[in-house]
Amino acid sequence: MQEKEIAYALVTGGSEGIGRAIAIELAKKQIPLIIVALDQPVLARTAQEIREEYGVEVHTFGIDLSRDDAPEQVYKWFKTRNFSLRVLVNNAGFGRSGLMHDIRLSEYYTMIDLNNRATVGLTYLLLPELQLHPEAHILIMSSMEAALPLPYKAVYAGTKNFLYGYGLALREELAGTSVNVSILCPGPTVTNESGMKRLKAQPNSKYLVSMPDKVAKLGIDGMFRKKNIIVPGFFPATLFRLGRLMPAGMKMNLLEKIAQNFKNNPG
Ligand SMILES: NC(=O)c1ccc[n+]([C@@H]2O[C@H](COP(=O)([O-])OP(=O)(O)OC[C@H]3O[C@@H](n4cnc5c(N)ncnc54)[C@H](OP(=O)(O)O)[C@@H]3O)[C@@H](O)[C@H]2O)c1
């Protein structure tokens, strides 16, 4: 039996961290969800928690999105159901820090495949589905590092700059159509225990550091208001603006000094 047509939001990396908070934010608006993340127990657990708490339909598809065929697999899975798509959140991603050669080349390739290739693939394949809806949205997860590319996180900063440029350009291509594109550029966000410990050890960083629920709320509200660039929080937003105005030499010199911790503690 075919399932009835319901307008869904698809969130990649929606099982944990900011993606999970975004899924919850959408569920609060009673938008049914498709969560795509690695096929691990946390995916089913998150889906069940959201169903129970917010009473919305939640479907899950477990897949490694850095795989070459992942976007096509997600698309095939989606097409075999009679779903319609209203929101696509390209959130899944990861980063590494350290000197260029502290990290294996294969890991950089995986980062680029997950952060960039999967986003382009899913957006390409699912855009026609979004265009069927009278109003639809794409949210692209970039980072504050789009304006402030940190040394010792060069490849990660590169992937986030790609997403920033890609999102802005696509937004213009789609201007005047039913599909809005917004780019979310959070500053440092506490998504795990070690992040929380670091925050407690450096209380001053609370001005810069955000919590996932705040990032998600501002991100989703901004997306529905069709904002182009969303930088959650006063300090991150101010730094982001400064970062775009400062001459590159001066900015990078300063960032290199700030990023010493990444140089000394690769991870
Ligand atoms: N945290 C920050 O400070 C910060 C700041 C700016 C931007 N961002 C961006 O925000 C996004 C989310 O970051 P986060 O800190 O919330 O990360 P996170 O807590 O590590 O969560 C990442 C999510 O992506 C999923 N995922 C990871 N690798 C995957 C793969 N190969 N295939 C499919 N799903 C995969 C994870 O699934 P599993 O649970 O199964 O592992 C999880 O749901 C990233 O794009 C990141 O670059 C983060």
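Okay, here's what the table says:
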{"item": "Stretch in the chain that is longest and holds no trypsin sites (Lys or Arg not before Pro) that DSSP places in a loop and that have at most 10 other beta carbons within 10 Å", "result": "105-224"}
{"item": "Pairwise centroid distance, computed over Cα atoms, of segment 182-206 with segment 63-87, Å", "result": "31 Å"}
{"item": "Calculated from backbone phi, Karplus (6.51, -1.76, 1.60) coupling profile of segment 100-111 in Hz, x at Gly/Pro", "result": "2, 8, 6, 10, 5, 4, 4, 6, 4, 4, 5, 4"}
{"item": "Net charge, His133 excluded, C-beta distance under 14 Å - Lys, Arg +1, Asp, Glu -1", "result": "-2"}
{"item": "Assigned charges on the beta-carbon of Lys, Arg, Asp, Glu; segment 155-267 dipole about Cα centre (debye)", "result": "320 debye"}
{"item": "Over 31 Å (Cα to Cα) - which of Lys28/Lys251; Lys28/Lys197; Lys197/Lys251; Lys29/Lys160 fall in this group", "result": "Lys28/Lys251"}
{"item": "Degrees between helix 234-245 axis and first principal axis of the chain (Cα, 0 to 90, nearest 10)", "result": "70 degrees"}
{"item": "Positive-end residue of Ile18, Pro151, Ser84, charge dipole of segment 7-264 with Cβ unit charges", "result": "Pro151"}
{"item": "Simple Cβ-charge dipole of the chain, Lys/Arg +1 and Asp/Glu -1, about Cα centre, in debye nearest 20", "result": "940 debye"}
{"item": "Linear extension gain, Leu168 paired with Lys197, 0.36 nm per residue minus alpha-carbon span", "result": "6.9 nm"}
{"item": "Estimated [θ] at 222 nm from DSSP helical runs (n ≥ 4, -39500 (n - 2.57)) normalised by residues in the chain, nearest 500", "result": "-15000 deg cm²/dmol"}
{"item": "Restricting segment 70-153 to chymotrypsin sites (Phe, Trp or Tyr not before Pro) in coil, as DSSP defines it, with at most 10 other Cβ within 10 Å", "result": "none"}
{"item": "Degrees separating the helix 154-173 axis from the principal Cα axis of the chain, which is the longest one", "result": "50 degrees"}
{"item": "Calculated FRET value between Leu105 and Arg67, using beta carbons and R₀ = 25 Å, to 0.05", "result": "0.90"}
{"item": "Segment Lys227-Ala44, extension gain: residue separation times 0.36 nm, minus the distance between their alpha carbons", "result": "62.7 nm"}
{"item": "Residues Glu135 and Phe234, FRET efficiency given R0 of 35 Å [Cβ-Cβ distance, rounded to 0.05]", "result": "0.75"}
{"item": "Rounded tilt (10° steps) of 70-79 against the dominant C-alpha axis of the chain", "result": "30 degrees"}
{"item": "With at most 14 other Cβ atoms within 10 Å, longest stretch of the chain clear of loop GluC sites (Glu not before Pro) (DSSP)", "result": "136-267"}
{"item": "Under 14 Å from the Cα of Lys79 - aspartates and glutamates, other chains or at least 8 residues apart", "result": "Glu3, Glu5, Glu129"}
{"item": "Of Leu26, Leu105, Leu150, the one that fluctuates the most in a GNM where the chain has Cα springs shorter than 10 Å", "result": "Leu105"}
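Taken together, the values in this text are just the output of simple stated rules run on the coordinates, not laboratory data. This one's a predicted model, so the numbers in the text were calculated from it and none came from an experiment. Reconstructed Cβ throughout: ideal geometry from the backbone, glycine too, with neighbour counts over all protein chains shown.
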